[in-house]
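J.: I have a structure here, written as structure tokens, and I will follow up with some questions on it.
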Amino acid sequence: MMNAMLMSLVIAAPDGGEPSFSIAKMMAIIVSAIFINNYVLSRFLGICPFLGVSKQLDSAVGMGAAVVFVMVLATLGSWLVFHHILVPHGMEYLRTITFIIIIASLVQLVEMILQKFSPALYDALGIFLPLITTNCAILGVAVLNIDDKFSLGYSLVNSVAAGIGFTLALVLMAGLRERMETANVPEALRGLPLAFLIAGAMSIAFLGFAGLGG
Amino acid sequence: MSLAQDFSRGITKENPVFKQALGMCPFLAVTTSVENALGMGAAATFVLVFSNFLVSLFRKVIPAKVRIPSYIVIIATFVTLVDLLMNAYLPALHSSLGIFIPLIVVNCIILGRAEGFANKNKVLPSIVDGIGMGLGFTLAMVTMATFREILGNGSWLGFNLLGEAYQNQPLLIAILAPGAFILMAFILGFFNIMEKRKRGGAK
Amino acid sequence: MGEIFKTGLMLMLVAVIAAVALGYVNSITSPIIAEQKEQAKLDAMIDVAGSLATGDLLFDSLSVSGLANPYASVDETLGVVSVTDSAGTELGYLFVAYGKGYSSTVQTMVAVNTAGTVTGNTVLYQQETPGLGANVSNPDKFLYQFDGLNASALLLSKDGGDLDSITGSTITSRAVTESVRDGLDALSEAGIIPVEGGVQ
């Protein structure tokens, strides 16, 4: 049922943008969001959880899944509200305030629903949910979808890809940090400084993806 | 605690960036130039001071249950205000800070001070705390931007320091994303060494 | 029940006050923002058109039948402004080229004379990487090379042309070059500027 609703919405894009959904553009969006403009390593969005929840591989995967989930819901909610409520009434200036309220309520809602109907999933993701409201990658993807004038279909693709990019960075970071635990690192660089150094090295590696866009 | 302490705490002892690792996203993203760092610092300080002021003023009126949502609305209001004013009067800066202006809403420093300080303290100390934390954040960003702009572009606040020859072949990595992470690692490492020295000296 | 009602009312009150305050500020700033955008565009037009001729110039937006839009993929349209001197002689045209760069759509205003040669240009908007693609805004680094060129000469050296791209920013350089070339091609196809002999 959810799918059917989405399909009809995609076709009825209100901004008169391209009506068709081109696979080439979709692939470009996916590659850009995951690799070229990785939300964490290139756009600097979601740094706090990237540094905070990347000490262990398990929690990195959990956090990543929670972020993808909320990102998609937040994109859906914020896009619909922006194009169907704010724009028709000329209230685009309320964008920031509306989006953050949508995200905060969504996180709360997801937490309550999971707790009630899927305790197993709640156990896995629950502890990460409160952290997500202040994860700037979520608000970031909602705002960037509007700035880039994406239709709802592209916005959802972009948010899934951004979430995957975030998870990829987080999981890679956690893997590297777990190995570094036992390494002999100069005392001054232990802890957070080392995390930044690893992130820097990963960021250099991701710079190499720049060529993909051409 | 005295007002002077409220003020200086945010700049030195509890510096939001260097000591608490808060506000990392804008810190890493906008420090490509000193001008951007100053602009972001001013915008965040403005929001911080006014949100602290209002949260403290209404701390007895706002019910505990809707505390956080109310704070978020208050913060988002001032962020939008900055967004609109900057777009109207400083369009160039507005366009170069881009998405990081609306993202001030989710800057942990601001919600952190509302929840951790302003809702427990009187109005005046809360304002002073906001100014101190804001200046601490700005100072940290300007420090970082100084390294990045000089190394990566040979200039400081737009003034050419290292000459044409350097600007044609600068240490570009400093201004790119990896440079931000790596420089931050060394700055934090430096603070660790300083701290250890200080502790060692006190023994 | 009364408790829930009270907290709900409180939250709503906060939101309403916020919305009203922002609505008021927006009513003040939105005309300023619009005017300043308009002014910036006008300044750029005067600046770029200065490469066609000195003295008083008249701008008139041109509606051309059969003008293809090369910028549909970035949701923009090609609009053409004709430049005439005070005597009414047509000197050339202005248009804004939109090219999808590395992290933004780069907007370049271009002046072209009636012979189809680029005489001047300036970047109106870009959000490219600072230190790399953002250098496109510095005319001495890249865009100076466009002056005096026709559509067929707008090619990067990497693509077989003569233009040196910005160091480390092939994507941005190519985006700008191709967007300007696409605009010129659309103008010549619509018969506004001459088609280059045998090249096209």
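The values are calculated or read from the model by the stated rules, or taken from the named source; none is laboratory data. These numbers come from a predicted model, not from an experiment. Cβ coordinates were reconstructed from backbone atoms using ideal geometry, including for glycine residues, and neighbour counts include every protein chain displayed. With ligands, DNA and RNA removed, areas are computed over all heavy atoms of the protein, side chains included. Shrake-Rupley method; radii C 1.70, N 1.55, O 1.52, S 1.80 Å.
J.: Measure off, as a whole percent, the carbon and sulfur share of the 1.4 Å-probe accessible area of the protein assembly as shown, all protein chains present. Mind showing how you got there, number by number?
T.: Values: 17800 of 27850 Å².
On the protein assembly as shown, the fraction of accessible area on carbon and sulfur atoms equals 64 percent.
J.: Please name which of C:Asn69, C:Ser27, C:Leu154 has its Cα lying farthest along the dipole of chain C towards the positive end, using unit charges on Cβ (Lys, Arg +1; Asp, Glu -1) and the Cα centre as origin.
T.: C:Ser27
J.: Under 30 Å between alpha carbons, and skipping anything fewer than 8 positions from B:Lys60 in its own chain: which lysines qualify?
T.: Within reach: B:Lys13, B:Lys120, B:Lys122, C:Lys6.
J.: Another question about this same structure. Where the Cα atoms of chain B are projected onto their three principal axes, how long is each span, largest first, in whole Å?
T.: Cα spread of chain B along its principal axes, largest to smallest: 61, 55, 25 Å.
J.: Where the Cα atoms of chain C are projected onto their three principal axes, how long is each span, largest first, in whole Å?
T.: 83, 45, 32
J.: Below 8 Å between Cα atoms, with a sequence gap of 6+, how large is the relative contact order for chain C in percent? Spell out each step's value before the answer.
T.: Numbers: 324 pairs, mean separation 33.8, N = 200.
Value for chain C: 17 percent.
J.: If you don't mind, there's one more thing I want to ask. If contacts are Cα pairs under 8 angstrom and at least 6 residues apart, what is the relative contact order of chain A in percent?
T.: Numbers: 217 pairs, mean separation 83.5, N = 214.
Averaging sequence separation for qualifying contacts and normalising by length gives 39 percent for chain A.
J.: Contact order normalised by length for segment B:1-121, with contacts defined as Cα pairs under 8 Å and 6 or more residues apart; what percent is it? Please list the in-between numbers first.
T.: Values: 91 pairs, mean separation 40.2, N = 121.
Result for segment B:1-121 is 33 percent.
J.: Mind checking the dipole of chain C: about its Cα centre, +1 per Lys or Arg Cβ, -1 per Asp or Glu Cβ, Debye to the nearest 20? Walk me through the numbers before you get to the answer.
T.: On the way: 8 positive and 22 negative charges, 138 e Å.
For chain C, the charge dipole is close to 660 debye.
J.: What accessible area per residue comes out for segment C:78-200, rounded to a whole number of Å², with a 1.4 Å probe?
T.: Numbers: 4680 Å² over 123 residues.
Ligands and nucleic acids excluded, the result is 38 Å² per residue.
J.: Plugging the Kirkwood radius over Cα pairs into Stokes-Einstein for the protein assembly as shown, at a temperature of 20 °C and a viscosity of 1.002 mPa s, what D comes out in µm²/s? Please list the in-between numbers first.
T.: Details: Rh = 26.2 Å.
Reported coefficient: 82 µm²/s.
J.: C:Lys100: which lysines have alpha carbons under 22 Å from its alpha carbon, excluding same-chain residues fewer than 8 sequence positions away?
T.: Hits, sequence-local ones excluded: A:Lys25, A:Lys149, C:Lys37, C:Lys41, C:Lys141, C:Lys158.
J.: Determine the dipole magnitude for chain B: charges of +1 sit on the beta-carbon of Lys and Arg, -1 on that of Asp and Glu, nothing else is charged, the reference point is the Cα centre, and the result goes in debye to the nearest 20. Could you put the intermediate results ahead of the total?
T.: Working: 16 positive and 9 negative charges, 225 e Å.
Around 1080 debye, computed over chain B.
J.: Right, something else. Rounded, prolate or oblate: pick one for segment C:45-106, where a ≥ b ≥ c are the square roots of the eigenvalues of its C-alpha gyration tensor, a/c under 1.5 means rounded, and failing that, prolate if a/b is larger than b/c, else oblate.
T.: Details: a/c = 4.06, a/b = 1.75, b/c = 2.32.
Oblate shape, in that a/c is at least 1.5 and b/c is the bigger or equal ratio.
J.: Turning to a different aspect of this structure: Any chance you could give the angle, 0 to 90 degrees and rounded to 10, that helix C:2-49 forms with the longest Cα principal axis of chain C?
T.: 20 degrees
J.: Given Cβ point charges of +1 (Lys, Arg) and -1 (Asp, Glu) and nothing else, what value in debye, to the nearest 20, does the dipole of chain A about its Cα centre take? If you can, show how the numbers build up before the last one.
T.: Details: 9 positive and 11 negative charges, 28 e Å.
In debye, rounded to 20, chain A gives about 140.
J.: Could you report the accessible area of B:Arg199 in Å², rounded to 10, computed with a 1.4 Å probe on the protein chains as they sit in the structure?
T.: About 150 Å², rounded to the nearest 10.
J.: Report, as an integer, the average count of C-beta atoms from other chains found within 10 Å of each Cβ along B:59-66.
T.: Working: counts 0, 0, 3, 5, 7, 1, 7, 8.
Mean partner shielding for this stretch: 4.
J.: Also, I was wondering about something else. Of all alpha-carbon pairs in segment B:1-121, indicate the percentage at a distance above 19 angstrom. Each step should come with its number before you reach the end.
T.: Working: 3515 of 7260 pairs.
Roughly 48 percent, rounded to a whole number.
J.: Farthest toward the dipole's positive end in the protein assembly as shown, which of B:Val61, A:Ile30, A:Val87, given Cβ charges of +1 (Lys, Arg) and -1 (Asp, Glu) about the Cα centre?
T.: B:Val61
J.: I would also like to ask the following. How tilted is helix B:123-153 with respect to the longest principal axis of chain B? Cα atoms for both, answer in degrees (0 to 90, nearest 10).
T.: 10 degrees
J.: Does segment B:68-167 come out rounded, prolate or oblate by the C-alpha gyration tensor, with a ≥ b ≥ c the root eigenvalues, rounded set by a/c under 1.5 and, if not, prolate when a/b is larger than b/c and oblate if not?
T.: Working: a/c = 3.05, a/b = 1.86, b/c = 1.64.
Prolate, since a/c reaches 1.5 and a/b exceeds b/c.
J.: Label segment B:124-203 by shape, choosing from rounded, prolate and oblate, from the square roots a ≥ b ≥ c of the eigenvalues of the Cα gyration tensor; if a/c is under 1.5 it is rounded, and otherwise prolate applies when a/b is larger than b/c, oblate when it is not.
T.: Values: a/c = 2.71, a/b = 1.49, b/c = 1.82.
Oblate.
J.: Still on this structure, I have one more. Summing -39500 (n - 2.57) over the DSSP H runs of n ≥ 4 in chain A and dividing by its residue number, what mean residue ellipticity at 222 nm do you reach, to the nearest 500 deg cm²/dmol? Mind dumping the intermediate values first?
T.: Working: 10 runs with 141 residues, N = 214.
The per-residue figure over chain A is -21500 deg cm²/dmol.
J.: For peptide A:48-55, what's the mean number of Cβ atoms from other chains within 10 Å of each residue's Cβ?
T.: On the way: counts 8, 0, 2, 2, 2, 0, 0, 0.
That works out to 2 on average.
J.: Please report how far the C-alpha centroid of segment B:149-203 lies from that of segment A:110-138, rounded to the nearest whole angstrom.
T.: First find each Cα centre; the distance between them is then 38 Å.
J.: Give the residue from B:Cys108, C:Pro194, C:Val180 lying farthest towards the positive end of the charge dipole for the protein assembly as shown; charges sit on Cβ (+1 for Lys and Arg, -1 for Asp and Glu) and the dipole is referred to the Cα centre.
T.: In the protein assembly as shown, that residue is B:Cys108.
J.: I'd like the orientation of helix A:57-81 relative to chain A: the angle between its Cα long axis and the longest Cα principal axis, in ° from 0 to 90, rounded to 10.
T.: Roughly 20 degrees between the two axes.
J.: Still on this model: Cβ neighbours within 10 Å, averaged per peptide: list A:84-95, C:176-187, B:110-121 in order, most packed at the top. Intermediate results must be reported in sequence, preceding the final value.
T.: Working: A:84-95: 14.8, C:176-187: 24.2, B:110-121: 20.3.
Ranking the peptides A:84-95, C:176-187, B:110-121 by packing returns C:176-187, B:110-121, A:84-95.
J.: Is there a simple number for the mean count of other chain Cβ atoms within 10 Å of the Cβ of residues in A:135-142, and what is it? It would help to have the intermediate numbers written out before the result.
T.: Working: counts 3, 14, 3, 1, 5, 6, 0, 1.
That works out to 4 on average.
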